[in-house]
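K.L.:
My questions all concern the structure below.
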Amino acid sequence: MTVGWQALEDELDRWASEGRTACFWWRDDDAVAATPALDRLLGLHRSSGAPLALAIIPAQAESSLAGRLKSEPGIAALQHGYAHHNHAGPPEKKSEFPHKRSLSERLADLRTGHDRLRSLFAPGQLLPVFVPPWNRMAPDCLPVMPGLGYAAVSAFQPRVSYWAAPGLVALNTHIDPIDWHGHDNAAAAERSLAVSCAHLRAMRAGEQHLQPLGLLTHHLRHDETVWAFAAAFLSRTAAHAAVHWLDVGAALKIGAPGGSVAPSVTPAS
């Protein structure tokens, strides 16, 4: 992995030499309760100084999670679907919000999930950002979501436009060090470095929309390889002069088209 780290360092050096700032943000999915794995994740947040957004499954969220986060300033809570149940049938990819469900059913789950999290978390900690399970949802939901109070939707892969729908920002993640289809997290970590470099090069060359690069973690699914990669990625990038790790509110402003005003969200406190 030494070559991969050096390639990332070299690319960030190019950003610095051009007087540019590479912006990153961090989303961790599937939080439901206070666990030793969550404690380890929060330790990484503290040691790196990188703001952390926890995508929380409303139907499974326990009061222990809310209690644990009260003592952790700087953590944003995001809504991660409703129950994280797959409602898609083969050959469709997994989705909790597929076309086969009526729009009214899907919107009801959005509202119920939001209400559940609002009963657990303070307004300054719960932000109006929706994270669909498996990073996908039927697109007919998107235009309706601003009217329900959502400011952004967060999936995976580079966004092709700043807006996912009018009034709804696409704030995506890009870097996932878990091998979901096998058992080689070391190879997945290597690929994560290559992916990071590729996105940074494309943005620097104007070939990809300017956007904050999102690190995606899943603390309940980490082995030691993934924990080590996450720690190294956070510490190495945070130490580079060209890098700025952003909270969700600041991340929403990156890449806004001229004349557009990014939705305002209350920072975590």
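The values are calculated or read from the model by the stated rules, or taken from the named source; none is laboratory data. Because the structure is a prediction, the values reported are computed rather than measured. Here the Cβ is made from the backbone with ideal geometry for all residues, glycine too, and neighbour counts use every protein chain on show. Protein only, heavy atoms only, side chains kept; ligands, DNA and RNA dropped before computing areas. Shrake-Rupley method; radii C 1.70, N 1.55, O 1.52, S 1.80 Å.
K.L.:
Just wondering, is there one or more residues in the range 9-22 that are crowded, with 20+ Cβ neighbours inside 10 Å, among the polar types (S, T, N, Q) and part of a helix (DSSP H, G or I)?
P.N.:
Scanning the range 9-22, I find no residue that is crowded, with 20+ Cβ neighbours inside 10 Å, among the polar types (S, T, N, Q) and part of a helix (DSSP H, G or I), so the answer is no.
K.L.:
Please go through the range 53-76 and give me each residue that is crowded, with 22+ Cβ neighbours inside 10 Å and farther than 15 Å from D39 by Cβ, ordered by number.
P.N.:
A53, A55, I56, I57, P58, A61, A76
K.L.:
I'd like the full set of residues that are acidic (D, E), assigned to a loop (DSSP other than H, G, I, E, B) and open to solvent by 30 Å² or more (accessible area, probe 1.4 Å), limited to the range 82-114.
P.N.:
E92, the sole residue that qualifies.
K.L.:
Return yes or no: is Q79 within 20 Å of Q125 (Cα to Cα), of a type in the set (S, T, N, Q), touching a helix residue (DSSP H, G or I) at 6+ places or on another chain (Cβ under 6 Å) and surrounded by 14 or more Cβ atoms within 10 Å (Cβ to Cβ)?
P.N.:
Yes.
K.L.:
Filter the range 151-204 down to residues that are among the hydroxyl-bearing types (S, T, Y) and in contact with a Leu (Cβ under 8 Å, 6 or more places away or on another chain) and give me whichever is nearest to V261 (Cα to Cα).
P.N.:
Per the criteria, the residue is S154.
K.L.:
Check A88, A50 and return the single one that is hydrophobic (A, V, I, L, M, F, W, C) and touching a residue at least 40 places away in the same chain (Cβ under 8 Å).
P.N.:
Being hydrophobic (A, V, I, L, M, F, W, C) and touching a residue at least 40 places away in the same chain (Cβ under 8 Å) holds for just one of A88, A50, which is A50.
K.L.:
Follow-up question, since we're still on this one. Only one of these conditions is not met by L117: (1) under 25 Å from I254 (Cα atoms); (2) open to solvent by less than 20 Å² (accessible area, probe 1.4 Å); (3) in contact with a strand residue (DSSP E or B) (Cβ under 8 Å, 6 or more places away or on another chain). Which number is it?
P.N.:
It is condition (1) that L117 fails.
K.L.:
Scan (1) without any contact (Cβ under 8 Å) to a residue 40 or more places away in the chain; (2) in a strand (DSSP E or B); (3) not β-branched (V, I, T) for the single condition L216 breaks and write down its number.
P.N.:
(1)
K.L.:
A further question follows. Just give me the residues in the range 27-51 being out of contact with any Gly (no Cβ under 7 Å at 6 or more places or on another chain) and under 19 Å from S196 (Cα atoms), in sequence order.
P.N.:
D28, S48, A50
K.L.:
Report the residue count in the range 197-211 for those that are under 19 Å from W5 (Cα atoms) and either in contact with a helix residue (DSSP H, G or I) (Cβ under 6 Å, 6 or more places away or on another chain) or open to solvent by 40 Å² or more (accessible area, probe 1.4 Å) (or both).
P.N.:
Of the residues in that region, 5 qualify.
K.L.:
Output the residue which, of all residues in the range 141-190 that are of a type in the set (D, E, K, R) and either touching a residue at least 40 places away in the same chain (Cβ under 8 Å) or surrounded by 16 or more Cβ atoms within 10 Å (Cβ to Cβ) (or both), is nearest to V3 (Cα to Cα).
P.N.:
Per the stated criteria, the residue is E190.
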